[in-house]
Structure formats: structure tokens, C-alpha cells
There are 4 protein chains.
Amino acid sequence: MLTLHGIFPPLPTCFHGSESLFPEKMQENIRILSAFPLAGFLVLGSNGELVMLSEKEKAATYHAAREAIPASKLMLAGTGAESTRETIHLTKEAVKAGADAVMVLNPAYYKGQMNTETLAGHYHAVGDASEIPVIIYNMPANTGMDMSAEIILNIAAHPNIIGLKDSGGNLAKMGAIIRSAKKGFRVLAGSAGFLLPALVMGASGGILALANIAPAQCCGIVEDFQQGALDKAQNKQHQLIAANAAVTRQWGVPALKYAMDHLGLYGGPVRKPLLPINKETKKSLAGILKDAGIGPFETNIIF
Amino acid sequence: MLTLHGIFPPLPTCFHGSESLFPEKMQENIRILSAFPLAGFLVLGSNGELVMLSEKEKAATYHAAREAIPASKLMLAGTGAESTRETIHLTKEAVKAGADAVMVLNPAYYKGQMNTETLAGHYHAVGDASEIPVIIYNMPANTGMDMSAEIILNIAAHPNIIGLKDSGGNLAKMGAIIRSAKKGFRVLAGSAGFLLPALVMGASGGILALANIAPAQCCGIVEDFQQGALDKAQNKQHQLIAANAAVTRQWGVPALKYAMDHLGLYGGPVRKPLLPINKETKKSLAGILKDAGIGPFETNIIF
Amino acid sequence: MLTLHGIFPPLPTCFHGSESLFPEKMQENIRILSAFPLAGFLVLGSNGELVMLSEKEKAATYHAAREAIPASKLMLAGTGAESTRETIHLTKEAVKAGADAVMVLNPAYYKGQMNTETLAGHYHAVGDASEIPVIIYNMPANTGMDMSAEIILNIAAHPNIIGLKDSGGNLAKMGAIIRSAKKGFRVLAGSAGFLLPALVMGASGGILALANIAPAQCCGIVEDFQQGALDKAQNKQHQLIAANAAVTRQWGVPALKYAMDHLGLYGGPVRKPLLPINKETKKSLAGILKDAGIGPFETNIIF
Amino acid sequence: MLTLHGIFPPLPTCFHGSESLFPEKMQENIRILSAFPLAGFLVLGSNGELVMLSEKEKAATYHAAREAIPASKLMLAGTGAESTRETIHLTKEAVKAGADAVMVLNPAYYKGQMNTETLAGHYHAVGDASEIPVIIYNMPANTGMDMSAEIILNIAAHPNIIGLKDSGGNLAKMGAIIRSAKKGFRVLAGSAGFLLPALVMGASGGILALANIAPAQCCGIVEDFQQGALDKAQNKQHQLIAANAAVTRQWGVPALKYAMDHLGLYGGPVRKPLLPINKETKKSLAGILKDAGIGPFETNIIF
């Protein structure tokens, strides 16, 4: 059984200026990032603009990513959709493409009806239908709902459900889940802003937007932590908080893509309604990255 | 230019037991409901499980609905998606099918980036691309975000954007929009729970889940209001509040579909993760409908 | 039994520059406002900075208000506190001062424990202890919690509890309460932004910050409504929305006090941490008042 | 200058059955708890029912607490009120009683007006007026508002403001504050549910409801952490999460007081509207305490 640990960047999906897929650029990013001690990659998470892509484009993206992701690194594929049938359909596409696990965002449009019964029913049906393990994805800032520890533990009882990416940042909830979940179930921090606190609470790694642009620092926090170098880990953690906020909560995917362009990867355009960040924000962001010690990839690559 | 007024039921999408589309049943519902003085129908709103359908199914549903909707009634088609390009794509399908207007739910996944600039950009691009008028759809309970009067007025400045369905229920906001929007722009109540207050504030009608099962009463409130029979209107309004809450906020689409089955229309199954309401809830709901004076369609039809 | 109807301004408490009470100025305001067909006055509501005053100052304010409020007008006294014992203590002070009813804001600090049992227990204890009727005050924007229709109906079952001021603006909830509450129980709109919608839903009046500066217009909406002049009422309602937002949600008590100064009443200083509005806001506010047709009191007084 | 570190229990205020103060019982609790390596005590925090007490009772409680708190332990006194003047008045009472520092909950009733300017103005005025250091208290679950890192850093610039108790649990925010605040400024976790994550982020201790009933375990987490025994610390942290939730968010002060009675301290009655927990909850709570390894004080005292 797959045991999740380490750092995974949630790859942005690359587009041409026309907004059509530009998979070669995503593949280039993967190749550059693969030089870092990352555990693998997430394709089509929130930073991959999953909700922006057609069904066909999603399948094409899974395949393109797998081609570039080395066998030594895991490929996690985001396959969540509002309906169980569509989620299963996408999961089967991800399996065909060679993903190692799928990550399933919870349905959230019918918030009033999303309770233990409907959500466990959903995830268990996906778990039954999937030939590869399933990871739960809790992302309150985007879905507008926060799955409780009780709901997550109910979902986690299924044998094919192996972990949770939690972007909510409620550390007590994370601890409650880690304490009570079955053996082998792993929790991954969903944001670099609380990576170190999550590790000390028992999380085994993180799926972090910031790992696309600061892979060395993100992996460094895990390494320092494992070696008991808490002061060094804390220092790195502190340094990353503002940069993480900038490319997530504050300015989002457009800022992450700009940062990638700025640092020597391919970020490229976002899909509308998202808009590129403006000149002033670009300048602020460049300053924040510098302050965080996040430099261009020529430098970082000598890891 | 199309001017919106009157009552529109947001039709549930009908499924077989296998969850595949059952368009004939939706067409039967349309035929039965067309006997009432409804202004038209909304296809693929929240009650139409829009987020559950594939692109193909959406197109098929537009076509099936138009076949059954009489030329004397308007067909509004829900075409909102997270990306502008997908929204435009669906809008073109709705035009092909013969819709009279499209209703566009706002993108809401990237909440942090959804501001005046991105949202006006989105709606204006759709307005430009659409051969038929566009209606804004604000649905905070499902999207987890509530577009402000300022954002809505910015969107509404586009000549091809003709109205708003507001399910938020903030009457002061509704009044502010009605006061300041361009001539001809119309606001429709998004829930039967506040239909009469919306009318007195200047709304011209409503798109109401409840109009699927209580069309006579919903139309009656508008009629009473227009004739100045406020006591009668208030009485009807009071009577509908609990039934409306039951089939929307409280138990949602599964309850609406059960109520339709219960009253002689076709409700049928929901798509998972939604689940049918249980026995106990069915009983409660039947009582609530009775208390609201909502009876089977044999009776109502002699309107 | 007292039956609530009509318009009540929630009087600001007046201070000297030193922030000490300046009751003579509140009395002057009362005298000027008493020329309008207001039903009465609320002393120590949210606009009365109730949470800013010491116990002694509250008692003094009740007494000063009663001296100035004509016998023909009702005096409602805000006596809500976090503890039941303090609420009862203040209620007895209000009775001594000659208030006609007390208005009790719900305790809200221990939000997690505020449920039907604790809240009904609280209000019923106050109802038992009070020689004058009790009005429930629901104010979600300030308390951070919104009492449900179910909780309010439970509280309202007590014979000495005669009404509700609801500032939440959920019209469906208001309708549900009006439909189910005992005979004689009255609901008052808590904000001028939704006065007319509340009236059409069955509310009998309002306790409105705006009634301090636009008493004629607020009373006019009720009058127009009662005479079936809905277009005139709607027009007045539309006109007041922006001005109401400005002196409540947007800029709050400091703006209301500035507006009073600006229009020929006494607003005066606020208590810290509140700060006077700045120059720019003053200018904006003056424009908004003008746009709303809210003029100086020399004009308005010839009602 | 005082530097905050270690664990502080926020003492419940003790009442007779009549709800009148029973300071002797609080003093007994202090004496029992003083045997543990606690850094000191907080008097009149949220668990001290601060909002339930009259001004006189607050002063009396400060004095009673100081009599019992050994000179070797710090006394922090909660003095927050909605007005700046009342906060200063209570702060002076706390100084007279011999408190070592005051902890000031932010005003929150006029949420719409509580911004950097008003809040920094408030805290700086208190800082100026106070002869002893001031600690900021951010408690979103009770106040209904969450002060941002930016606001807190603005407040923290004042030389007499030495720390923050943050009960919000946003670890990234905590890290941002710790990174940017002046030298000597200390952050304390406001809840035992995230004590260890807060420590790893740079917090120097905690003010924890749970420290009233599990002082050994709370102090043990800090000790283990300082000695680099992270596995032991994590184990203790996991064990305490459910018990902490039970006596805070879930069942609140009534549960904390029952737990104290249950474990050999004096909890006693709460003030209404709070109600004692019922039989069933008592049984559940006893089970949760047992599961957390929280035993009676005869055992724990041999620390």
C-alpha cells in the first residue's frame, strides 16, 4: 500500500496565449523540478485550474504529466467533480494515464446536503471504483465548506482511501484525525504557511503551491524537522509565510504563474475569468520573493 | 429587448434509476406546468443539477426542454461554468437549442480572485459572445460568495445583460440595484421565501424552486400584488415559507424531486452524491406541503 | 397589553468632548424629534452606544430620556447584558425611570453555548422579573450570531415578551416568525434598508437609526404603505438605502452622529475606541444625505 | 521588561449557588494549581466569565486572586471592555490589586468600525495609561471577529504592549506575527488544541483552559518540546485535543467547571444564561477526560 510522505508541488496547468493547453511547458517544469528531492507531483489540483478544464483536457493533462514525471516520483491526479459518476470517470482516466493515486476534492455546490452520509457515500463509491488509492482533499477557502474531523474519519474508514490533503489549517483538527485514523492513513499539509506545525502534529509532508517555486526550502523544512533541527526549520518556515500567502490566498494562481515566469520556469497565462496580476502587484511580489530568499532556478538547481 | 417579469420554475433535470438523462419526463413536467400562467422556464439552474451534468448532457437538456416549452413561454438556460470559455461554449449550445436568454452563475472557485475586474470581465465577454440576452445569477448559499451591489451594477452596464436572479435575499441590496441599474434591467427573486418583499422593492418576478410544485400560489402572489391585494398576497407568502425552506435550504433538490413525485409530476432520482430523502423526512415534507396548501396536480390544474 | 407599531429612532447617547454624558443634548434631540409622528424612542440601543456605558450611566440615561420623552410617545429602554442578573438589574432601573418596555439584546459572548435552552431561559427569566413588557433584539452584525426563527419563537412564548426588533434582514425568517408567533406579538424592522419589505411581510414598524435624521421619510414609508400608495413608498424606500447603509453598516455611529450635527441636531463625539469620521468621509456622507433628500431640521420640521 | 513564557491557566471565577462571588474557592484552586510548574494565572479571561461580572466584582476578583497567587507566579488580569475608558479604569484596578500584566480583549461590538486605526488607538491609549505591561487578546470564536496580523503588528508597536494571546489557531498568522514583531514580544497559544504547533512556530507558551485541569500535561508538552522530545510531546498533544475541545468550543465553561468538580477542584455553578451541563454530557465528558489521561488532583499533584 502506498504511504504518502514528503513534498509535492501542485503543478499549474500551462496554456498558450490563446488559453489552449500547452502540455510541453508543464513537462519542462516537471523536468526542472524533478531535480529536487520532491516526493512527486499533483496534477490538476486547485493550482492546476482543474475547474477550468474540459473533460478531454483533463485526460490529456494526466497523460502529458505522466510522460514527464519520472517513475521514481509519484503522480497524484486531481479527479474531483460535483457528481460521483464524473469523479469516477475522471479517476479511470487518471488510472489509464498511469497515476499512482487520485486526489478528490469534495463536492460542495449543494452545501446544505453535504453531510457524513452523502460525502462518505461519494468517497466510498470512488474508492470502490478506483484501481489506485484515493486521497481526500479539503479546501475550505475555495469550496466554501470545511469537512469536519468526524466526516473525514468516516470517509477514511474505506480501505482504498489512504490520506488527506488539508488546506484548512486547523491544526487541532489535523491532530484529531491523525490520532484516530487507521494505520497507514497520512495527512499532508495543504499550504506551506503551516507546514512545520503540521509536521509536529504528525503530518507526513505537504502538497504546497509554494513547492513549485521554492522546492528546496519546502523540502528543507521536512529535512530539518526530521533531523531535529527545529530552529533551522522554524527559520525557513517563518521566511516562507509571506511568499506563500502571496501566491495563494492573496493573489492566487495568477501570482504563482507570474512567479514561475519570474524565476525561470514557465507560468504563462491563466484562463479567464482569472486575469494576470498587474504591474504593481508584480513588483510587490518580486520583493516578497526576494525577502523570502526565493531565487531563480539556475541558482536553486545546484541543490 | 427582452424584459423579464413573472414566475419561472427552475426545472429539475430528470434521470432514470441509473442516473442517465430521462428527458421525456422533463418534457412531461413542462407540459403539465405550461397550463399555469408562468412566464417561462429555467433549464439547468441549481435545481436542474447543472453542476452534475457533462457538457453533452447539458446540450441535450437544452434541446429537449425547448421542444416541450411552448413558444409563448420563455426558455432561460443556465450556462454558467468556472471558465469564461466554457461558459461561452455552453451559451452557444443554448442559442442553438433556441433558448430566449441564458442565466450565468458566477465563477466562484477562486473566491479570492473574484472581484469587480474579473467578474465584470467574465460577464462582459459572455455578453459579447452571446446572441441572446444574459441574466446574472447570484447564489451565495451554493457558491459560498455573495456578489456585492457594486459588482452587479458593474456587470449590468453591458447592453446584453438584462437582469439578475438574486437568491441571497438581501432586500436592501436588491433595492440598491433596482434603483441604480439601467432602464429595462430586471431583478428576479431567487427564492419563494422572499418573493413578496422583493416585489414591493421593485423586483419583477421570480425564479423559484417552489414554482415547480406550487405554480398557482407563486403566480397568485404576483397577481395579488399587482392588484393591490396585499393581505391576500401576504397570506399566500406566509403560507409558502416553510414549504419553500423544505425544498431548498433544508433538504434541497432531493426533497423537491420527492415533492414532485408526491404531487403527480416526475421527480425521480437525484445524482450522487445527492441521496433521496429518507422515510421520516418524506413524512415531514408531506405534512409541510399539506400545511402550505400545496396539493396534487389534478386539483391545481383547474387553475 | 402594549402593541408595538410605527417608527422609533434608537437615540444616540450624547457626550461632551471629554466623553462624559451630556444628557441635556439628548433631551434636546428628543424634543426636536417629538414633532414628528414617531411612535416613540429607543434609549440605549446599538446606536446609543449601550456597550460603552457604565451601569450608573445607563440608569442616568434612562432617567434623562424619560424626562424629555412626551407621555404620548413610548420609551423603549435597551437593557441587554451578557448575564441574566445584570440584564434584570438594568431592567429594574428602566422600570424605575418610567420606560414603557425594555429591549433585550441577546447574550452572545459564549456563542457556542447560546442555544434554545440558554436563550429561552435568559429571556424568560427577564420576562418574569420585569414589570414592563420585553422586546427581543436580534442584531447579527454586532453580536456575530443570528438567532433562528425557532429560538425566537421559543422565547416569544412567554406572556411578557411582546415583540422582536430584527436587524438581520432575513425576510423569510421574519415572515415565519410573524406567521407562527402568538397573537399580539409584533416584529419591527431593525434597519431602514428593508423597512418596506418588512411591512409587506407583516412587520408593524421599525426601530431605525435613520429615523434620527430622516424621521419624516421613515414615517412616510409606513403611511404610504398603509394607504396602499406602494409606488410612493417604494420610491422613498429606494432613496433611503444608501443613506441608511452609510450611517449603519458602512461608517456606523460616528457617521450617524456627524449627520446629526450636520442636520441641526446634536451628534457630538463618540466614545473611544470609536473615532469621528474623517474629512473625506464627511464630504461623501453629506453628498449621500443630499442624494437621499435628507435635509436640515429647519426644513423637515414643517412636516 | 516582562517576558512571557510557559503555561497559564485562565481561572474560572467561582460562584455560590446564588451566583454571587465565592472568591475563597478560587483561592483554593490557585493554591492547588500552584504546586505545578505553571508560569502564572490569568484572572478574568473568557473562562473567568469576565463579561458576566459587574465592575465591583471584577475589582474584588483581582484582589482575591492576587492574595492567593504566590509572588513566584505571574498574575495576568483580564481588563478588556468595549470602551477605552472602561478598559483603562479596570486596568487601574488590576494595577492596584498587584497584577503583573493586563490582558485586553479587543472591543468587538461595533465590528464594522474596528480597524487598524480604532484598535491601535484603543490599545495604545491603554498602553499609555497602564503602569504594567499589556497583552493583546484575540478570541474570534467569542468576539466574532479575527484581528489580522497587520492590525496586531500595528498594536504591538507600542512599547508597553508585550505579547499576544491568540485563540484563533491560524498558525501562519502566528508565524507572521512572531517573525515581524519587535524583540521581546511574545505570542501565547490560546488553546491547548494547538499548543505544540504554536511552540514549533515560535510561541513561548500558552494560556489554556485545559491547564486548569491538566496542568501537568500542558506543562509537559512545553518541557518535552524544549528538550527535543517531539514524539513524547506529540503524543501528549494528541491525547489532549478531544478533552480540550470538550471544555472549550463544544460545551464551554459549564463543562470546564464540571470537570474541575469532577477532578477535585472547585468548579461550582456558572452564571446564567449559561447552564450546567446535563447528566448525559457529564458522562461523556468523564469518559473523554479518562481517555485523555486526565485524572483527579490527588494523583496529579505528585508531579
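Remarks
- Within region B:46-79, considering residues that are open to solvent by less than 40 Å² (accessible area, probe 1.4 Å) and charged (D, E, K, R), the one nearest to the other protein chains (Cβ to nearest Cβ): B:E49
- For region A:93-133, filtered to residues that are within 14 Å of chain B (Cβ to nearest Cβ) and of a type in the set (S, T, Y), the residue that is most open to solvent (accessible area, probe 1.4 Å) is A:T116.
- Inter-residue pairs, beta-carbon under 6 Å, first aromatic (F, W, Y) and in region A:121-138, second not in a strand (DSSP E or B), 6+ apart: A:Y123/A:I155
- Residue in region B:52-74 that is touching a His at 6+ places or on another chain (Cβ under 9 Å), without any contact (Cβ under 8 Å) to a residue 40 or more places away in the chain and not hydrophobic (A, V, I, L, M, F, W, C) present: yes
- Filtered residues of region A:198-220 (kept if away from chain D (no Cβ under 12 Å) and in a helix (DSSP H, G or I)): A:A209, A:A211, A:N212, A:P215, A:A216, A:Q217, A:C218, A:C219, A:G220
- Pairs, first under 15 Å from A:Y137 (Cα atoms) and in contact (Cβ under 8 Å) with a residue 40 or more places away in the chain in region A:161-182, second assigned to a strand (DSSP E or B) and open to solvent by 10 Å² or more (accessible area, probe 1.4 Å), C-beta under 7 Å, six or more apart: A:I162/A:R186; A:G163/A:R186
- As a summary of the residue check, B:P269 satisfies the conditions (1) under 22 Å from B:K283 (Cα atoms); (2) more than 18 Å from the chain's Cα centre (by Cα); (3) more than 14 Å from chain A (Cβ to nearest Cβ) except for the one numbered (3).
- Region D:1-112 holds strands (runs of 3 or more DSSP E) entirely within its bounds, and those carrying 3 or more residues that are within 21 Å of D:P269 (Cα to Cα) and touching a Phe, Trp or Tyr at 6+ places or on another chain (Cβ under 9 Å) map to D:40-43.
- Of B:F15, B:F36, all but one fail to be away from chain A (no Cβ under 14 Å), among the aromatic types (F, W, Y) and farther than 27 Å from B:H158 by Cβ; the exception is B:F36.
- Among the criteria (1) within 17 Å of the chain's Cα centre (by Cα); (2) crowded, with 22+ Cβ neighbours inside 10 Å, the one A:A245 does not fulfil is (2).
- Selected residue (criterion: most open to solvent (accessible area, probe 1.4 Å)) from residues of region B:229-241 that are more than 7 Å from every other protein chain (Cβ to nearest Cβ) and either aliphatic (A, V, I, L, M) or within 15 Å of the chain's Cα centre (by Cα) (or both): B:A229
- Among the residues of region C:147-170, at least one is of a type in the set (V, I, T) and out of contact with any strand residue (DSSP E or B) (no Cβ under 7 Å at 6 or more places or on another chain).
- Flag for B:F41 being more than 29 Å from A:S46 (Cα to Cα), under 13 Å from the mean Cα position of the chain (by Cα) and either among the aromatic types (F, W, Y) or at pLDDT below 95 (or both): yes
- Among the criteria (1) more than 20 Å from the chain's Cα centre (by Cα); (2) within 14 Å of chain D (Cβ to nearest Cβ); (3) open to solvent by 10 Å² or more (accessible area, probe 1.4 Å), the one C:S83 does not fulfil is (3).
- Yes/no for D:K257 being part of a helix (DSSP H, G or I), basic (K, R), more than 16 Å from the chain's Cα centre (by Cα) and more than 9 Å from every other protein chain (Cβ to nearest Cβ): no
- Considering residues of region B:198-218 that are small (G, A, S) and farther than 18 Å from B:M103 by Cβ only, the residue surrounded by the most Cβ atoms within 10 Å (Cβ to Cβ): B:A214
- Residues that are within 19 Å of C:K25 (Cβ to Cβ), open to solvent by 10 Å² or more (accessible area, probe 1.4 Å) and not in a loop (DSSP other than H, G, I, E, B), drawn from region C:260-296: C:D261, C:H262
- Residue in region D:222-230 that is of a type in the set (S, T, N, Q), closer than 30 Å to C:G80 by Cα and not in a helix (DSSP H, G or I) present: no
- Pair list, Cβ < 6 Å and 6+ apart or interchain, from region B:187-215 residues that are at positive phi to residues that are part of a helix (DSSP H, G or I): B:G202/B:I178; B:G202/C:Q234
The values are calculated or read from the model by the stated rules, or taken from the named source; none is laboratory data. Computed from a predicted structure; not experimentally measured. Counting neighbours? That spans all protein chains shown, and the Cβs are built from the backbone with ideal geometry, glycine included. SASA here: full protein model, heavy atoms, side chains in, ligands and nucleic acids out. Shrake-Rupley method; radii C 1.70, N 1.55, O 1.52, S 1.80 Å.
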